[in-house]
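The values are calculated or read from the model by the stated rules, or taken from the named source; none is laboratory data. Please read all numbers here as calculations on a predicted model, not as lab measurements. Reconstructed Cβ throughout: ideal geometry from the backbone, glycine too, with neighbour counts over all protein chains shown.
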Amino acid sequence: MQTMNSHVLSYFVAPIVKDLTSSSFSQKTHVFKRVKTILTDGFKLCGRRYSFLAFSANQLRDRSAWFFAEDGKTRVSDIKTWMGKFKDKNVAKCAARMGLCFSSTYATVDVMPHEVDTELPEIERNGYTFSDGIGTITPDLALEIMEKLKLDSHCSPCAYQIRYAGFKGVVARWPSKDDGIRLALRHSMDKFHSKHTILEICSWTRFQPGFLNRQIITLLSVLGVPDEIFWDMQETMLCKLNRILDDTDVAFEVLTASCAEQGNTAAIMLSAGFKPKTEPHLRGMLSSVRIAQLWGLREKSRIFVTSGRWLMGCLDEAGVLEQGQCFIQVSKPSIENCFSKHGSRFKETKTDLQVVKGYVAIAKNPCLHPGDIRILEAVDVPELHDMYDCLLFPQKGERPHTNEASGSDLDGDLYFVAWDQRLIPPSRTSFP
C-alpha cells in the first residue's frame, strides 16, 4: 500500500504467486472471496475505512485501484456524481469510462461551453468512421495551452491528446473560422456527460525517436525484409553505444538522435566542453543511457531507426490526401534547439523541418498479423506544412488506414513510422 494523502490511497493487490492453472478450486475461491471482500466492503487502515472508488486502464494492468476514506462530508457516491453521468449498462465499459477521470493529465485552460462545438461532423463511409476520436483546436487556444504547459515556443505542438468534460481523444491545430468556436469535438469523442470545463492534456506531439521492437521485426521479416538489415542496424547501434563513454561526438549523436528530452542535461554538458573521462556526473548519465538502451535491445529487441519516429495519428481535415497517401513532416530533436538558451555552439540552430517523401512503413503496437504493417506513400502537400511531428491520414478511401493498422483509431494512438527504404518490403504494398 502506498499512501497518497490523508484521504486517498492507492491499494496494490498482491499478485497471485501460485500458477493460475492450478486445479486447486478451493484456493481460487479463497482468493476470489478475499478480493471481492476488499472491493465491496473496503478495508480499515489507521482507524479509517477506505472504500473502492475506481481505477484507470493503467492501474488495471498494474493490479491497483483508487480507494477513498469517506467522512461525514464526502462519500464515494458524491465523488462519482461529481465525475459525471455514466449511462453504459455494460459493466466493463462503464468502469473504463469512469477510469478516464483518473488519467494522468495537466490542467490548462478553462474553455467555456459557448466556445466549444460538440457537433463537428463525423467522416463516415462503408460503416467505418475515418474521424474516430479526433477534433480540432484553434491556433490561439493551442498557444495558450503551450504557455500553460511551459513548452518551448520554437516548437509548438500541432496536436494534443485531451480530456474535456466527458470527451476523450485528440485535437489537432487547424485555422479558426472567426465564429467564436475554439474547440471542435466529434460524437466519437463523447464518452459520458460531465460539466467539467477545464481542458486537460494527456500528451502532445513532439520529437519521439523511432525504435523497432520484436513484433515489428518479425512482421517485416515475414514481408520479405532481409534479416541482414536488422543485424546491420543492431551492430551499428551497439558500436555507437560502446563508444559513448570515449568519443564525445558519438555521445552527442546518440543523445540528440535517440534520447529526446531525456538527454538534455548530458548534451548541454558535452556542448559546454565537459568530458566523460574527467566529469563523473556526465559519465554516470552516459552510462545510464547506455545501460537503458542495451537492456531494451536485449529484452525487447529495441533497435534504433535513424529514419524513423513514433508519431501521433491525426486526420487530414483539409481533405487533400488520397487513399494510400499520408503526410509526414518531422522536426529536429528538441534537444538541439534547447542550446539557444545556453549560448553554445548551437546558438544559431533553428527549428528545421523535414518533409518525408516516398514509401513508408507504418505500424501500431500491438501488431500480430502481417497486414498490421501498412505501406503508404508519403507525399509533400503545401497545404499541410503547418503540421509536423504527427502522422496525417487521409479521409478518403474505402477503409481508414488507421483501422487497417491493428484496428486502431485517432484518439491518441502512436504509430511507428519508418522511411528507411531498407525496411520497406520488396513488394512496396501492404499485405491484404
Identify, from the list ILE198, ILE216, ILE229, the residue that is in contact (Cβ under 8 Å) with a residue 60 or more places away in the chain, over 23 Å from PRO113 (Cα atoms) and in contact with a strand residue (DSSP E or B) (Cβ under 7 Å, 6 or more places away or on another chain). ILE216
Scanning the range 76-87 for residues that are over 26 Å from the mean Cα position of the chain (by Cα) and farther than 13 Å from LEU53 by Cβ gives LYS85, LYS87
Working carefully through the options LYS275, LYS332, find the one that is more than 30 Å from GLY135 (Cβ to Cβ) and in the same structural domain as HIS385 (by TED's automatic domain parsing). LYS275
Look at THR129 and say whether it is out of contact with any Cys (no Cβ under 6 Å at 6 or more places or on another chain), closer than 21 Å to HIS385 by Cα and either surrounded by fewer than 24 Cβ atoms within 10 Å (Cβ to Cβ) or basic (Lys, Arg) (or both). no
Within the range 317-329, is even one residue charged (D, E, K, R), modelled with pLDDT of 95 or more, more than 24 Å from GLN421 (Cβ to Cβ) and in contact with a strand residue (DSSP E or B) (Cβ under 8 Å, 6 or more places away or on another chain)? yes
Tell me, yes or no, whether the range 185-204 has at least one residue that is in a loop (DSSP other than H, G, I, E, B) and on the phi > 0 side of the Ramachandran plot. no
Just to check your reading of the model, which residue among LYS36, LYS85 is over 30 Å from LYS396 (Cβ atoms), of a type outside the set (A, V, I, L, M, F, W, C), free of Cβ contacts under 8 Å to residues at least 40 places away in the same chain and outside the structural domain of ILE134 (by TED's automatic domain parsing)? LYS36
Looking at the range 216-248, which of its residues are touching a helix residue (DSSP H, G or I) at 6+ places or on another chain (Cβ under 8 Å) and assigned to a loop (DSSP other than H, G, I, E, B)? LEU223, VAL225, ARG243, ILE244, LEU245
Where residues in the range 27-69 are more than 32 Å from the chain's Cα centre (by Cα) and within 22 Å of SER103 (Cα to Cα), which of them is surrounded by the most Cβ atoms within 10 Å (Cβ to Cβ)? TYR50
Search result, residues across the range 102-144 that are of a type in the set (D, E, K, R) and in contact with an Asp or Glu (Cβ under 7 Å, 6 or more places away or on another chain): ASP132
Residues satisfying the stated conditions in the range 157-188, i.e. crowded, with 21+ Cβ neighbours inside 10 Å, among the charged types (D, E, K, R) and over 18 Å from the mean Cα position of the chain (by Cα): ARG182, ARG186
Residues in the range 249-276 that are free of Cβ contacts under 8 Å to residues at least 12 places away in the same chain, of a type outside the set (Gly, Ala, Ser) and not in a helix (DSSP H, G or I): how many? 1
Suppose we keep only residues that are out of contact with any Lys or Arg (no Cβ under 8 Å at 6 or more places or on another chain) and surrounded by fewer than 23 Cβ atoms within 10 Å (Cβ to Cβ) within the range 400-411. Which one would you say is nearest to ASN213 (Cα to Cα)? GLY407
Exactly one of PHE274, PHE304 is over 30 Å from PRO121 (Cβ atoms), within 20 Å of the chain's Cα centre (by Cα) and of a type in the set (Phe, Trp, Tyr), and that one is PHE304
Condition broken by SER153, with the remaining ones in (1) touching a Leu at 6+ places or on another chain (Cβ under 8 Å); (2) outside any helix (DSSP H, G or I) satisfied: (1)
What's the number of the only condition in (1) of a type in the set (Gly, Ala, Ser); (2) at pLDDT 95 or above; (3) out of contact with any Pro (no Cβ under 6 Å at 6 or more places or on another chain) that GLY224 fails to meet? (3)
Regarding LEU321, is this residue in contact with a Phe, Trp or Tyr (Cβ under 9 Å, 6 or more places away or on another chain) and surrounded by 15 or more Cβ atoms within 10 Å (Cβ to Cβ)? yes
Looking only at residues in the range 219-249 that are of a type in the set (Val, Ile, Thr) and crowded, with 17+ Cβ neighbours inside 10 Å, which one is nearest to LEU423 (Cα to Cα)? VAL225
